[in-house]
């Protein structure tokens, strides 16, 4: 009998470093998306070609993530987009290596060029503003391995289909969320937004993200998702019951 995946316990290990992050992502994929298999990552030759084109060595964590599951769009690119090796680029200001884009181009995620030598560097986000002079790289997460855990979690609650839903919270939603789900051991983010940043919760087989503007949910089954809709009432976007 296959041992049941303990999401909270695995995530606690996953936030500690690279190896734990990959173990968490592999376990999460088995139970929530589909096991990671050979061929789900990019080839070493793809990464070498990117490094030669860019003239830089990619951080160890970025290489490991791309080699393990970089081609699994269901884990990385349901909403925002993880760039392929051939799409990696340095921003116009030559400050950061960009590896992810918001789905409508409203923001980019990157690693500062002066930290590329670090095995697990910090990740920054830059909004795409009308006033280009006001654009700045701002802290997102302290380690790239944390960012990949966040990518997999966030893309899972934004997948197409009947297992995901979206709620604009009212005054009671936050209290109901905390009463009916357990806060997961992932740091609030972006960096510096500990009180008002995004938080992760786990209900009964339902993963939830609260970012202050929306509660997003992903159930293991439709029945699991319906249960959390009942526990946290509101105008859930996809609830057609």
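The values are calculated or read from the model by the stated rules, or taken from the named source; none is laboratory data. On a predicted model such as this, the values are computed, not experimentally measured, just so you know. Here the Cβ is made from the backbone with ideal geometry for all residues, glycine too, and neighbour counts use every protein chain on show.
Which of the residues belonging to region 220-241 are surrounded by 14 or more Cβ atoms within 10 Å (Cβ to Cβ) and either over 17 Å from residue 160 (Cα atoms) or assigned by TED's automatic domain parsing to the domain that holds residue 170 (or both)?
220, 224, 225, 226, 227, 228, 229, 231, 232, 234
Is it fair to say residue 5 is surrounded by 13 or more Cβ atoms within 10 Å (Cβ to Cβ), closer than 27 Å to residue 205 by Cβ, modelled with pLDDT under 95 and touching a helix residue (DSSP H, G or I) at 6+ places or on another chain (Cβ under 9 Å)? First the steps, then the outcome.
Details: surrounded by 13 or more Cβ atoms within 10 Å (Cβ to Cβ): yes; closer than 27 Å to residue 205 by Cβ: yes; modelled with pLDDT under 95: yes; touching a helix residue (DSSP H, G or I) at 6+ places or on another chain (Cβ under 9 Å): yes.
Judged against the criteria, residue 5 is a match.
Could you tell me whether any residue of region 137-150 is touching a helix residue (DSSP H, G or I) at 6+ places or on another chain (Cβ under 6 Å), closer than 30 Å to residue 230 by Cα, at pLDDT 95 or above and crowded, with 19+ Cβ neighbours inside 10 Å?
Checked region 137-150: at least one residue is touching a helix residue (DSSP H, G or I) at 6+ places or on another chain (Cβ under 6 Å), closer than 30 Å to residue 230 by Cα, at pLDDT 95 or above and crowded, with 19+ Cβ neighbours inside 10 Å.
Of (1) in contact with a helix residue (DSSP H, G or I) (Cβ under 9 Å, 6 or more places away or on another chain); (2) modelled with pLDDT under 95, residue 171 satisfies all except one. Which?
Of everything listed in (1) in contact with a helix residue (DSSP H, G or I) (Cβ under 9 Å, 6 or more places away or on another chain); (2) modelled with pLDDT under 95, residue 171 misses just condition (1).
Does residue 86 meet the test of being under 21 Å from residue 219 (Cβ atoms), in a helix (DSSP H, G or I) and either touching a helix residue (DSSP H, G or I) at 6+ places or on another chain (Cβ under 9 Å) or in the same structural domain as residue 208 (by TED's automatic domain parsing) (or both)?
Details: under 21 Å from residue 219 (Cβ atoms): no; in a helix (DSSP H, G or I): yes; either touching a helix residue (DSSP H, G or I) at 6+ places or on another chain (Cβ under 9 Å) or in the same structural domain as residue 208 (by TED's automatic domain parsing) (or both): yes.
The answer is no for residue 86.
Hey, does region 103-120 have a residue that's in contact with a strand residue (DSSP E or B) (Cβ under 7 Å, 6 or more places away or on another chain), farther than 22 Å from residue 18 by Cα, modelled with pLDDT under 95 and part of a loop (DSSP other than H, G, I, E, B)?
Taking every residue of region 103-120 in turn, at least one turns out to be in contact with a strand residue (DSSP E or B) (Cβ under 7 Å, 6 or more places away or on another chain), farther than 22 Å from residue 18 by Cα, modelled with pLDDT under 95 and part of a loop (DSSP other than H, G, I, E, B).
Within region 180-197, can one find any residue that is outside the structural domain of residue 77 (by TED's automatic domain parsing), more than 25 Å from residue 16 (Cβ to Cβ) and in contact with a helix residue (DSSP H, G or I) (Cβ under 8 Å, 6 or more places away or on another chain)?
yes
Is it the case, given these coordinates, that residue 97 is within 18 Å of residue 46 (Cα to Cα) and either surrounded by fewer than 21 Cβ atoms within 10 Å (Cβ to Cβ) or in the same structural domain as residue 33 (by TED's automatic domain parsing) (or both)? Can you show your working first?
Details: within 18 Å of residue 46 (Cα to Cα): yes; either surrounded by fewer than 21 Cβ atoms within 10 Å (Cβ to Cβ) or in the same structural domain as residue 33 (by TED's automatic domain parsing) (or both): yes.
Yes.
Just the residues that are within 18 Å of residue 121 (Cα to Cα) and either buried (at least 22 other Cβ atoms within 10 Å of the Cβ) or touching a helix residue (DSSP H, G or I) at 6+ places or on another chain (Cβ under 8 Å) (or both), please, taken from region 49-69.
Scanning region 49-69 gives 56, 57, 58, 59, 60, 61, 62, 63, 64, 65, 66, 67.
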